[in-house]
Amino acid sequence: VFMSQGYAGDVTPEEAWNILENEKDSYLVDCRTAAEWNFVGVPDLSRLGKSPILSEWVRFPGGVENQTFVDEIKNHVIDQDSKVLYLCRSGQRSIAAAIAMTNEGYSNSYNIIEGFEGDKDQNNQRGKTGGWKLSKLPWQQT
């Protein structure tokens, strides 16, 4: 776990899975857009008896900030001491979400580095360099 400014730190997809598996009071927030959930897929936590919290950081279409994001997370995660892991496509929106929730008192807010699809490769394509899917962690199409 790498410490960062403004939130608890960064974890790899594998570290995130281990936290979700071993810590009962832990949550995964997928803060991508509904279009990404529908067309790219979402983490499948059913083996852990959990489901990801799907809450857009920015709305699709339009890229407008989701004004109800904080309230949506608070409705799902009652205990502010819970570990909350934020996932987006590549790890940028999730940093912003982790910072926002840390500012709301959720001090155990972590960013999942590499995100769901990972960074772009030399051909400017995602899904081939890191990320939840490439880590062979469970996922499904919605």
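The values are calculated or read from the model by the stated rules, or taken from the named source; none is laboratory data. Note that the coordinates shown come from a computational prediction; the quantities given were computed from them, not determined experimentally. FYI the Cβ positions are ideal-geometry reconstructions off the backbone, even for glycines, and counts take in every protein chain you see. These area figures cover heavy atoms from the full protein model, side chains too; ligands, DNA and RNA do not enter into them. Shrake-Rupley method; radii C 1.70, N 1.55, O 1.52, S 1.80 Å.
On a C-alpha basis, how far is the centre of segment 41-60 from the centre of segment 93-142 in Å? Whole number, if you could?
Going from one Cα centre to the other spans 12 Å.
Measure off 7 Å from each Cα along the Cα-to-Cβ vector at Q122 and D44, then give the distance between these two points in nanometres to one decimal.
3.3 nm
Based on the Kirkwood radius over alpha-carbon pairs, what is the Stokes-Einstein translational diffusion coefficient of segment 1-130 at 25 °C with 0.890 mPa s viscosity, in µm²/s?
Answer, rounded: 168 µm²/s.
Pull up the DSSP beta bridges for segment 1-104 and report the antiparallel fraction as a percent, rounded to 5.
Taking every DSSP beta bridge within segment 1-104, about 30 percent pair in antiparallel fashion.
Just the number, please: carbon plus sulfur as a percent of the accessible area of segment 79-142, 1.4 Å probe, no ligands or DNA/RNA counted.
Here it works out to 41 percent.
Please compute the contact order of segment 29-122 in relative form: average sequence separation of alpha-carbon pairs under 8 Å and at least six residues apart, divided by the residue count, as a percent.
27 percent
Give me the net charge of W139's neighbourhood, meaning all other residues with Cβ under 11 Å from the Cβ of W139; Lys, Arg count +1, Asp, Glu -1.
Around W139, the surrounding residues sum to -1.
Between S135 and N103, what is the spin-label point distance in nm, taking each point 7 Å from the Cα along the Cα→C-beta axis?
So the label points at S135 and N103 sit 2.6 nm apart.
Suppose only helical runs count, i.e. DSSP H with n ≥ 4. What mean residue ellipticity at 222 nm does that imply for the chain under -39500 (n - 2.57) per run, divided by all residues and rounded to the nearest 500 deg cm²/dmol?
-7000 deg cm²/dmol
Work out the length of the dipole vector of the chain about its Cα centre, built from +1 on the beta-carbon of each Lys and Arg and -1 on the beta-carbon of each Asp and Glu, and round it to the nearest 20 debye.
400 debye
Might you tell me the accessible area per residue for the chain, computed with a 1.4 Å probe and given in Å²?
51 Å²
Just name one of V29, A100, G9: the one whose Cα is farthest towards the positive end of the charge dipole of the chain (beta-carbon charges, Lys/Arg +1, Asp/Glu -1).
Final value for the positive-end residue is V29.
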